[in-house]
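Written below as structure tokens is the structure these notes are about.
The values are calculated or read from the model by the stated rules, or taken from the named source; none is laboratory data. Treat the numbers as computed from the prediction; the structure is a model and nothing was measured. FYI the Cβ positions are ideal-geometry reconstructions off the backbone, even for glycines, and counts take in every protein chain you see.
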Amino acid sequence: MKYILCLVTLMAVFSSSRAQHEAGHRTRILLIPLDDRPPCLQFTERIAMIANAEIISPPTGMLGRYTDPGKSDRIVKWLKGLDLKSFDAAIVSMDMLAYGGLVASREYQISEQTALKRLEVLRELKKKAPRMKIYAQSVIMRIAPTGGGKYESYRSQLAEWGVVSVGKDEASRTKTKSLEQEIPAGMLSDYMQARKRDLAVDLYAVNLTKAGVIDYLLVSQDDAHPQGVHVADREKIIAHVKETGTEGKIAVQPGADEVSMLLLARVLNDKYHYSPAVQVVYSSDKMSHEVMPFEDKPLSVTVADQIASTGARETDNGSKADIFFFVFTSRFEPGAADRFATEIAGKLKEGKQVMVADIDPKGDVQGGDSAFAISLEKRGVLPALNSYASWNTAGNTIGTSLSQGIVYSLARAQLIGSSSAPGSMLTAQHWFTFHRMLDDFYYHTLVRGKIKDLWKEGKLTGAGHQPDMKQVLSFSRGLMEKYFNSLRENYFGKNGSLASEDLSCTGPRNLRFSFPWNRIFEAEISFDLQCIPVKN
């Protein structure tokens, strides 16, 4: 009995020492992003900081820019020159390695043979650093080509062909023939070749997982439709996963831009052996069963898939939930925003951890709902939330909120209390929540909405389908400064203190705002913030 008691005591001491060591050790993660846009790079870097993790990615000059593909061969060379044993894990976009990013994956500029050859570097990485786990993303090509690219003149026709060409009825066959006569043969051939090559890369990623090179793979479906040519691609991938017996190591689900954040959450959860229970609370049970715009599965399935991909668990039992995930889909229902915000505030008063996702169920705003965002802000609940997000598709929003919220829950449970410098992690948490409200609501809903209105009214100059971006940038910066100052006071208070967190914060200040791809679809926003715990 004495021997058993001593052994138990030693195990407890060892476990405590290991937890303290891991809390003090800064996790290093190698990231090959999907591209250089903020959601794929900046968001992932910032969420990592919440758990005192460091992201190392290739120099931005290698990542390309919009229709200019990333420099895949240079990235491969850069990878080979790294001290790989210094990394805890790697998050790798197969699309960046194979073709130069998401936009490049939709065009046939790189052959299948070249793409697959580039991916062989992953075997070399695993051989050099067998303890570095590799978490990978591979994207199923969406139906529509990239706007503004070489397919622009026939973009809508190609997207329609991608849907109707799989139809078996007479009307679908007739429409397919009509479109094939309208679309230049070479352009349609390129489109189909790109799809064929991308599918080969997706299947090869499954093989690399089977071989133990990739430890976890997320095959994500880019913007889609319940019907279309992508469905056959997805089914072939799912069948290959079953054939190879890799079901436990591979997820196939909607998404693209948010996936590096989801994989980050999984990396950290795996490292710290953390798997929180999440209960989902929908503002509308009916809407939870609907398919959201640009997706091909019901909302509740998307939510469940993304929870699982982080390594967390979904539960229906509120008493066993570690985190509550509030999903708002009722922006067209009078009074719903205020009711749901009240429910969220009540849950926070109970001392519960809360994540919030505001979904655009029509896909025409692609930012936060005004009534809901203002209701949350006026109640002063934003600083107490684990996370908030509301940008672009349902998958983008859900993935961003889940990733931040779960990583912060991990930090609260295992890192902040035992860290010698908790201020940096708490600063990162409040930086990202403040950023989400500033970007998702104030930019995407208010500023971007005003830009669109002014363009329609002819009050902005420009050419073709694009306004003059220098004029738009100047206009946007002026509005964003105004909203930045207003949100700062509502979030941090006049003296910059957060009583609920016992923090004293300097900032936010020095707002930086730009259009990284010279279009209004995304903005890169940054600012300075420092929070220090107040000692009582």
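Do we find that G147 is in a loop (DSSP other than H, G, I, E, B), out of contact with any Ser or Thr (no Cβ under 9 Å at 6 or more places or on another chain), closer than 21 Å to D222 by Cα and small (G, A, S) in this structure? The answer is yes for G147.
Among the residues making up region 312-330, a single one is over 16 Å from S401 (Cβ atoms), touching a helix residue (DSSP H, G or I) at 6+ places or on another chain (Cβ under 8 Å) and crowded, with 16+ Cβ neighbours inside 10 Å: S330.
Would a scan of region 459-471 turn up a residue that is in a helix (DSSP H, G or I), touching a strand residue (DSSP E or B) at 6+ places or on another chain (Cβ under 6 Å) and not assigned by TED's automatic domain parsing to the domain that holds D358? Break it down stepwise before answering.
Of the residues in region 459-471, the ones in a helix (DSSP H, G or I) are 469-471.
Within this subset, residues satisfying the condition of being touching a strand residue (DSSP E or B) at 6+ places or on another chain (Cβ under 6 Å) are none.
The answer is no; no qualifying residue exists.
Restricting A90, A53, A48 to those that are of a type in the set (A, V, I, L, M, F, W, C), touching a strand residue (DSSP E or B) at 6+ places or on another chain (Cβ under 9 Å) and either closer than 17 Å to S138 by Cα or at pLDDT below 95 (or both) reduces the list to A90.
What helices (runs of 4 or more DSSP H) lie completely within region 239-321 and have 3 or more residues being at pLDDT 95 or above and more than 18 Å from the chain's Cα centre (by Cα)?
Details: elements: 259-272, 285-288, 299-309.
Counting at least 3 such residues, we get 259-272, 285-288.
Of all residues in region 158-168, those satisfying the criterion of being surrounded by 15 or more Cβ atoms within 10 Å (Cβ to Cβ) and either in a loop (DSSP other than H, G, I, E, B) or in contact with an Asp or Glu (Cβ under 6 Å, 6 or more places away or on another chain) (or both) are S165, V166, G167.
Here's the yes/no breakdown for (1) within 30 Å of Q353 (Cβ to Cβ); (2) surrounded by fewer than 16 Cβ atoms within 10 Å (Cβ to Cβ); (3) touching a Phe, Trp or Tyr at 6+ places or on another chain (Cβ under 9 Å):
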residue: V472; (1), (2), (3): no, no, yes
residue: G478; (1), (2), (3): no, yes, no
residue: G493; (1), (2), (3): yes, yes, no
residue: F521; (1), (2), (3): no, yes, yes
residue: F527; (1), (2), (3): yes, no, yes
residue: V534; (1), (2), (3): yes, yes, no
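Scanning region 227-247 turns up one or more residues that are surrounded by fewer than 22 Cβ atoms within 10 Å (Cβ to Cβ), farther than 25 Å from M94 by Cβ and either in contact (Cβ under 8 Å) with a residue 40 or more places away in the chain or not assigned by TED's automatic domain parsing to the domain that holds E45 (or both).
Are any residues in region 91-117 in a helix (DSSP H, G or I) and charged (D, E, K, R), and if so, which ones? Result: D95, E112, K117. Within region 41-71, track down each residue that is part of a strand (DSSP E or B) and out of contact with any Lys or Arg (no Cβ under 8 Å at 6 or more places or on another chain). Scanning region 41-71 gives I55, R65, D68. The set of residues in region 404-429 that are closer than 11 Å to A48 by Cα and out of contact with any strand residue (DSSP E or B) (no Cβ under 8 Å at 6 or more places or on another chain) comprises V407, A411, M425, A428, Q429. In region 381-416, which residue that is in contact (Cβ under 8 Å) with a residue 40 or more places away in the chain and in a loop (DSSP other than H, G, I, E, B) is surrounded by the most Cβ atoms within 10 Å (Cβ to Cβ)? Among those residues, the one meeting the criterion is S390.
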